[in-house]
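This report concerns only the one structure given below.
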Amino acid sequence: MAIELGGWKGDRSHIFMNLGHFDMEKEPLILDVDPFRRLVAPIQIPDSSLTLEVSAIDCEAPKQYSVSFPVLEDLSNDPLYFVADDLNVAKLLFKVYCSVLGRDDHSQKGSHIGSAVVSLKDLRQGLGPSLESLERDHTVSLVSSDAFGNSYVGSFTFTFVIAKPFIFQGPPPTPSKVVLKRDDSPLVAGHRGLGQNNAKQERLQLGENTMDSFFAALNLGADILEFDVQVTRDLAPVIYHDFLVSETGIDAPMHAITYEQFMVPSTMQDSTARPPGTSDSLLRTADTTKIRRPRASSEGKPRPDNVDVIARLKSTFNFHQFGFKGNVGGECIHGPFITLQQLLVQIDPSVCLDIELKYPMLFEARDFNMDTSIMELNLYLDTILAVVYRHGGSRPIFFSSFSPELCILLATKQQIYPVLFLTESGYIPTRDIRAISFQEAVRFAKKWNLKGVVIRSQPLVASPMLVGLVKSSGLVCASWGDLNNDTRCAKVLLSWLSLLTISLWPGFVAKWVANLPRIYSSRGQAGCPYYGQGR
């Protein structure tokens, strides 16, 4: 089914319903009528005799779909689509027919053996208006008609997302066109500014996603700044990468804390004057009583030091897994946490921004021991879009995300800013068929009219001709990952890629320029980015 995004009415909600679910850890079952089979035994009911009819109540056309079983093709990018004026009254009606038992007078599909009706409002309101579950599949019970004694005859599983209208009070922004292609070389994008930090401390490390790191990246010649945006509980879009804000001392997801709470560990480090070389001992003991205060500080008051922040980190999942955070003093030069608004206001408006929207997929929530309840996706996107619309002006901006649902909704809500789909390219099992491989990512982006895909570098280095497959689909092809920081690998990709992202480490940039002079471009030239390091 072809869906034209640009033709949708912006003042209505758009419902995308898929048969079954996207969780590859579960059995891929859509329709289960085994209870009905037992009810009518010994009559045999093969799957090929079943038809599912799906229609909407109090929604606009198209109002009815008919699906014959068994479903053999991949329908992950072919949702059933409905439009609703009022989600409070919108409902979905499911009817199952069986041709083995003859045909009803009013139907060519066979006898009507069971039905179910669900209210979209009831399915979504369990966690309240500001939260939703990442487990988006729902299983409803089918009840037979009078002819079969009003019995339970089976179940049907489906998943859905709803794109609510984004309404901005004010004139829309008029961004400069994002040109993601250049003939001579890709553009260079600074990943989280100057690059992803690590515990090895092989170089001078500025705090990730900080103003210092962004300005340093621009001074080193970055064409584009890439950074991560999340939203606090009180709806403040902030620049922060990890899903868990471990600096708080607990494994707190961003949507569970306020902006004030988010800023506490940052403020605690802003006036740090700790002796050099004390990081390891502090991680072992976190004993502030043995550290003398600077003479400029008053005696008798708690020291505003990052010792407490490090002590907090010791009990968190993030620290147990990685032993490191990208903006904690001692491992790097800490910079204050910042908001999306601050970045948009303080960075030169000619600088192109790649705003990665950090919204977990289900496998990430499981891998990080997170609860699967998360900020409601429309609320998350509308909060960020409002800030971008208000302060974006004429700045060139594009969005990127690993979340298929987020990309669908973002491309539905607005067509001003391009959207790119980030993918692990099968390097890490995402357990979502739409993101499980290079090919599926391309298919997904093409289906939903996205601008392009940002692919983990490993498969492109192994087979650069894969870039041609992306471009033949009319998509921009970008790359991210550790191999982008290896000049030998980058040289392989140089003549193929549209967009590359690297970490702009000072030592690396010098080597980069020496080996690949055509890639290194001055800020302000049109082109395509090149990404580096972890997601």
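A few comments on the model shown:
- Residue in segment 139-146 that is open to solvent by less than 10 Å² (accessible area, probe 1.4 Å), at pLDDT 95 or above, in a strand (DSSP E or B) and on the phi < 0 side of the Ramachandran plot present: yes
- Top-ranked residue in segment 113-134 [being over 24 Å from the mean Cα position of the chain (by Cα) and part of a strand (DSSP E or B); ranked as surrounded by the fewest Cβ atoms within 10 Å (Cβ to Cβ)]: V117
- Some residue of segment 366-373 being within 30 Å of I416 (Cβ to Cβ), in a loop (DSSP other than H, G, I, E, B) and in contact with a helix residue (DSSP H, G or I) (Cβ under 7 Å, 6 or more places away or on another chain): no
- Odd one out for F337, checked against (1) assigned to a loop (DSSP other than H, G, I, E, B); (2) open to solvent by less than 20 Å² (accessible area, probe 1.4 Å); (3) at pLDDT 95 or above; (4) within 16 Å of L225 (Cβ to Cβ): (4)
- Verdict on D212 being closer than 17 Å to V328 by Cβ, in contact with a Gly (Cβ under 6 Å, 6 or more places away or on another chain) and not aromatic (F, W, Y): yes
- Criterion applied to L180, L187, L206 was being in contact with a helix residue (DSSP H, G or I) (Cβ under 9 Å, 6 or more places away or on another chain) and surrounded by 20 or more Cβ atoms within 10 Å (Cβ to Cβ), and the one residue passing it is L206.
- Taken over segment 147-163, the criterion of being part of a loop (DSSP other than H, G, I, E, B) and open to solvent by 70 Å² or more (accessible area, probe 1.4 Å) is satisfied by N150 alone.
- Residue match in segment 294-313 (condition: open to solvent by 30 Å² or more (accessible area, probe 1.4 Å) and modelled with pLDDT of 80 or more): yes
- Residue within segment 471-479 that is modelled with pLDDT under 85, hydroxyl-bearing (S, T, Y) and open to solvent by 20 Å² or more (accessible area, probe 1.4 Å) present: no
- Candidates G452, G392 - the one that is open to solvent by less than 30 Å² (accessible area, probe 1.4 Å), modelled with pLDDT of 95 or more and in contact with a Leu (Cβ under 8 Å, 6 or more places away or on another chain): G392
- Extreme residue, farthest from Q342 (Cα to Cα), among residues of segment 208-224 that are aliphatic (A, V, I, L, M) and modelled with pLDDT under 95: L220
- Hits in segment 455-470 (condition: open to solvent by less than 20 Å² (accessible area, probe 1.4 Å) and either assigned to a helix (DSSP H, G or I) or of a type in the set (K, R) (or both)): S457, L460, V467, V470
- Filtered by the rule that a residue be open to solvent by 10 Å² or more (accessible area, probe 1.4 Å) and hydroxyl-bearing (S, T, Y), segment 360-389 gives T372, S373, T383, Y389.
- For first residues located in segment 124-136 and touching a residue at least 40 places away in the same chain (Cβ under 8 Å) and among the aliphatic types (A, V, I, L, M), partners that are open to solvent by less than 70 Å² (accessible area, probe 1.4 Å) and not in a loop (DSSP other than H, G, I, E, B) and lie 6+ apart or on another chain with Cβ distances below 6 Å form the pairs L127/S373; L131/S373; L134/L362; L134/A365; L134/I374.
- Residues of segment 417-446 that turn out to be more than 30 Å from H391 (Cβ to Cβ), part of a helix (DSSP H, G or I) and among the small types (G, A, S), as a count: 2
- Filter result (within 13 Å of the chain's Cα centre (by Cα) and open to solvent by 10 Å² or more (accessible area, probe 1.4 Å)) within segment 340-355: none
- For segment 24-76, filtered to residues that are surrounded by 13 or more Cβ atoms within 10 Å (Cβ to Cβ) and touching a helix residue (DSSP H, G or I) at 6+ places or on another chain (Cβ under 6 Å), the residue that is nearest to N88 (Cα to Cα) is S76.
The values are calculated or read from the model by the stated rules, or taken from the named source; none is laboratory data. Quick caveat, the model's predicted, so the values are computed rather than measured. Note: ideal-geometry Cβ built from the backbone for every residue, glycine included; neighbour counts use all protein chains shown. Just so you know, the surface numbers come from the protein's heavy atoms only, side chains and all, with ligands and any DNA or RNA stripped out. Shrake-Rupley method; radii C 1.70, N 1.55, O 1.52, S 1.80 Å.
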